[in-house]
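See structure below.
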Amino acid sequence: MDLLRRITGQAKQAAEPPVIRATLGTRPAASPPAVAPSPAAAPVAAPATAGKLVLPRSMHVAVEPSAPGGLVCAPFLIESQDAFDAHGLHFGPLTQPSIPSSMRFTVHDSLEAKIIPVALMGRENTCLILVHSEYREGPEIEEVAEELKRRGWKLNPEYQLVVVDPTLLAITARGAPATGRLRAPVGKESSDLFEMFRAIVTWGHVNGAADIDFKFNRRSERSQVGFSIGGMWVYPERHVLPSDLMRKMLSSVFQRGNGHAESILDLNIEQALNIELELGDPGRTNVVLRWASMAADVYYSVTVRIVEQGGEGAVSLEGLGYLPQQLETLNRTMVGDGGAIVFSGRVNSGKSTTLDALLSGLDPTVKIVTIEDPVEKIRFSRICNTVARPLTGQPSTVLRSKLLTLKRTGFNAFYLGEIRDHESAMAAQDCFQSGQRLFTTVHASSAREIPSRLAGVGIERSVLASPGNLRLLVYQALVPKTCTCAFHLSELSSGGGERAPYWKQLRERLQRLFDSDVGLVRVRNPHGCPLCTDHGIPELYGFKGRTAVCEMVEPDEEFCELIGRGDSVGMVHYLRALRGDTRFDDADMRGKSALDCAVYKMLRGELDPHSVESRFEAFATIEEKQVMHRARVLGGKLRQVENVANA
């Protein structure tokens, strides 16, 4: 198949070859000038469905100015179609009819989408070579250059090689979006599409993405890839793809997954599966991708969770951001048999990472069995089981079989990835009643809501309320940390500028709300610095990593009575009394909420106030609640005075 025709998406019957055009930035002085194409090689417009594409790069590539064999690389990297026009690169394939048959040339299939010789428009018998970064050196590129010379081509004098993003080299822009059940591409096309998918996932992993969203648009020629980085969804312009290309790519990737009930990708239903993938990063990282699709009205969205397999050891609890008093509670409740440590939080809140750290801290003589969907950390000290549960809600025969076998394994500690249905709830209840040690997660909005959530999926309240069964309840959230380039709020509020009144109002509100010194509070620098802008995503400038903020409840007999009654309001009063008069700037977290923990870290300068508001609620709302509470308390006291006077 003609390689250049595949890139531009033209049929072989096309009378004239297309010219690949694009724009990005400013052409350097060393690049060939943009000149009008000769009549003999008039440009053909790219297909209307292709649009202007910005495509993902698999990793950052340092482009050196020269290569072995006397070949010189251009001092820039082409990452999008637009970049070609910006550097004055107008060209066509070496198989166009105007080229004498003796000079026409295509590379071998094994080098397709790796090495692409092209004819420069407006330059007689002059060509250059578009190349994948991994093929800019070696015998293949040298042989291609020599063959071009033998066929009468002159290599561009300024530079002969242009390193191009691997996805752009492999892209085929075709057709309009389609819907319904899709048969996957086969052969070389399928391989190229899978490599494109690998490059996108690799870029996400290198830049710290926990999830990737492939948002196929049924009504547009353009679709978007998004990344969840630092708890925020970003959709970089460089990851816009033709909708038809994304559809074909997803269909091809679906065929390589495990655990799906259907044999073909269907854009009209929800589907789930797991995909094992070796990334294209320097370390060739092995990951499992947890695929979950949603068939919405306009979009067909596929969200994949990146689960790294093996790799480095567990992250320390201190590294996750746990405070000394919280660490003491965790270490103390880990000792002894029986009871459950249950973590809650929303998706991507670091629950599994924290539990992995806890399990890694157990004595080596403890036998650990895990059942997860999928296994998120392969540890050779554990017996790890991946069980994919169907979206239909039907019981999993594989899960049932493993749970029946569990007691015969002689385990000391059981990690159940998530309690979310009747089957997993009954497995947890069996652990409670048999005195086994359990570690698990659940989706709940706070630590005190965990018992109600467990009761909601089928565990009896009498079992949950039995002292010792729930050893520790933890709610965890992850909040972006400010980089060292952040601004001090006190400086912003006392300085000039249009925003100074706003910063002053914020500072005064924080002082009223938390009755603490706000001199250390810092605000994110939206322009960032070299430490926080290396990923090239403006939405994340000014942030560097995330830290855990959490709340813990260690149920005693009084709290267990509240669990048995399902008394959520009583739990609020219990925790408020447990906290007492502890200040917001005190590191003692007993009785404090995750919001209180976040405020403590904000007062120390670790968190931007806006990040705390975004994760929990507006400070204005908190202040309004305080005003209403004081009004109720005052009203109650006045009624007591009136009752005494009337008596």
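The values are calculated or read from the model by the stated rules, or taken from the named source; none is laboratory data. From a predicted model like this one, the values you see are computed outputs, not experimental measurements. All Cβ positions, glycine included, derive from the backbone under ideal geometry; neighbour counts span all protein chains shown.
Before moving on, here are some points about what is shown:
- Cβ separations smaller than 9 Å between residues 6+ apart or across chains give the following pairs from the range 137-159 residues that are assigned by the TED database to the domain that holds Thr95 and within 13 Å of Val118 (Cα to Cα) to residues that are among the acidic types (Asp, Glu) and modelled with pLDDT under 90: Lys154/Glu124.
- Selected residue (criterion: surrounded by the most Cβ atoms within 10 Å (Cβ to Cβ)) from residues of the range 576-615 that are part of a loop (DSSP other than H, G, I, E, B) and without any contact (Cβ under 8 Å) to a residue 24 or more places away in the chain: Gly591
- Of the residues making up the range 622-631, those that are loosely packed, with under 15 Cβ neighbours inside 10 Å and either modelled with pLDDT of 95 or more or among the hydrophobic types (A, V, I, L, M, F, W, C) (or both) number 3.
- The residue that is surrounded by the fewest Cβ atoms within 10 Å (Cβ to Cβ), counting only those in the range 456-502 that are within 22 Å of Phe559 (Cβ to Cβ) and in contact with a Phe, Trp or Tyr (Cβ under 7 Å, 6 or more places away or on another chain), is Val463.
- Long-range neighbours under 7 Å by Cβ, at least six apart or interchain, first residue touching a residue at least 60 places away in the same chain (Cβ under 8 Å) and buried (at least 21 other Cβ atoms within 10 Å of the Cβ) within the range 192-214, second part of a helix (DSSP H, G or I) and among the charged types (D, E, K, R): Leu193/Lys248
- Condition met for Gly339 (more than 30 Å from Lys215 (Cβ to Cβ), at pLDDT 90 or above, touching a Gly at 6+ places or on another chain (Cβ under 6 Å) and of a type outside the set (Val, Ile, Thr)): yes
- Entry remark, the range 550-566: residues being crowded, with 16+ Cβ neighbours inside 10 Å, over 37 Å from the mean Cα position of the chain (by Cα) and in a loop (DSSP other than H, G, I, E, B) number 0 in total.
- For the range 303-317, the count of residues that are over 23 Å from His205 (Cα atoms), outside any helix (DSSP H, G or I) and either touching a residue at least 60 places away in the same chain (Cβ under 8 Å) or of a type in the set (Gly, Ala, Ser) (or both) is zero.
- Matching residues in the range 416-444 - criterion: being more than 23 Å from the chain's Cα centre (by Cα) and of a type in the set (D, E, K, R): Asp421, Glu423, Asp430, Arg437
- The set of residues in the range 207-224 that are in a strand (DSSP E or B) and more than 12 Å from the chain's Cα centre (by Cα) comprises Lys215, Phe216, Asn217, Arg222, Ser223, Gln224.
- Qualifying residue in the range 351-360 (condition: part of a loop (DSSP other than H, G, I, E, B), among the acidic types (Asp, Glu) and within 27 Å of the chain's Cα centre (by Cα)): no
- Those residues of the range 68-86 which are buried (at least 22 other Cβ atoms within 10 Å of the Cβ) and more than 32 Å from the chain's Cα centre (by Cα), in sequence order: Ala74
- Count of residues meeting criterion [of a type outside the set (Gly, Ala, Ser) and in contact with a Leu (Cβ under 8 Å, 6 or more places away or on another chain)] in the range 561-591: 7
- Qualifying residue in the range 447-466 (condition: under 30 Å from Gly542 (Cα atoms) and in contact (Cβ under 8 Å) with a residue 12 or more places away in the chain): no
- Residues satisfying the criterion are present in the range 526-545 (criterion: without any contact (Cβ under 8 Å) to a residue 40 or more places away in the chain, β-branched (Val, Ile, Thr), in the same structural domain as Ser593 (by the TED database) and more than 22 Å from Met602 (Cβ to Cβ)).
- Residue ID - modelled with the highest pLDDT, chosen from residues in the range 90-140 that are among the basic types (Lys, Arg) and crowded, with 16+ Cβ neighbours inside 10 Å: Arg136
- Taking first residues from the range 329-341 that are not assigned by the TED database to the domain that holds Ile450 and partners that are among the hydroxyl-bearing types (Ser, Thr, Tyr) and at pLDDT below 95, no Cβ contact under 8 Å between residues at least 6 apart in sequence or on separate chains turns up.
- For Thr370, the test of being of a type in the set (Ser, Thr, Tyr), surrounded by 16 or more Cβ atoms within 10 Å (Cβ to Cβ) and touching a Ser or Thr at 6+ places or on another chain (Cβ under 8 Å) is failed.
- Cβ pairs under 6 Å, 6+ apart, first in the range 509-520 and under 13 Å from Pro609 (Cα atoms), second assigned to a loop (DSSP other than H, G, I, E, B) and among the β-branched types (Val, Ile, Thr): Leu510/Val518; Gln511/Val518
- The range 425-453 - residue that is aliphatic (A, V, I, L, M) and in contact with a helix residue (DSSP H, G or I) (Cβ under 6 Å, 6 or more places away or on another chain) and, of those, modelled with the lowest pLDDT: Ala427
- Of everything in the range 304-328 that is surrounded by 18 or more Cβ atoms within 10 Å (Cβ to Cβ) and of a type in the set (Val, Ile, Thr), the residue that is nearest to Gly417 (Cα to Cα) is Val307.
- Helices (runs of 4 or more DSSP H) (entirely within the range 378-497) containing at least 3 residues that are of a type in the set (A, V, I, L, M, F, W, C) and within 30 Å of Phe616 (Cβ to Cβ): 450-456
- Among the residues making up the range 503-524, those that are buried (at least 19 other Cβ atoms within 10 Å of the Cβ) and assigned to a loop (DSSP other than H, G, I, E, B) are Val518, Val521, Arg524.
- Test: Arg346 is surrounded by fewer than 20 Cβ atoms within 10 Å (Cβ to Cβ), in contact (Cβ under 8 Å) with a residue 24 or more places away in the chain and at negative phi: yes
- Looking at Ile371, Ile306, just one residue is among the β-branched types (Val, Ile, Thr), under 30 Å from Arg198 (Cα atoms) and modelled with pLDDT of 90 or more, and that residue is Ile306.
- Sole exception among (1) in a loop (DSSP other than H, G, I, E, B); (2) out of contact with any Ser or Thr (no Cβ under 8 Å at 6 or more places or on another chain); (3) in contact (Cβ under 8 Å) with a residue 12 or more places away in the chain for Arg284, by number: (3)
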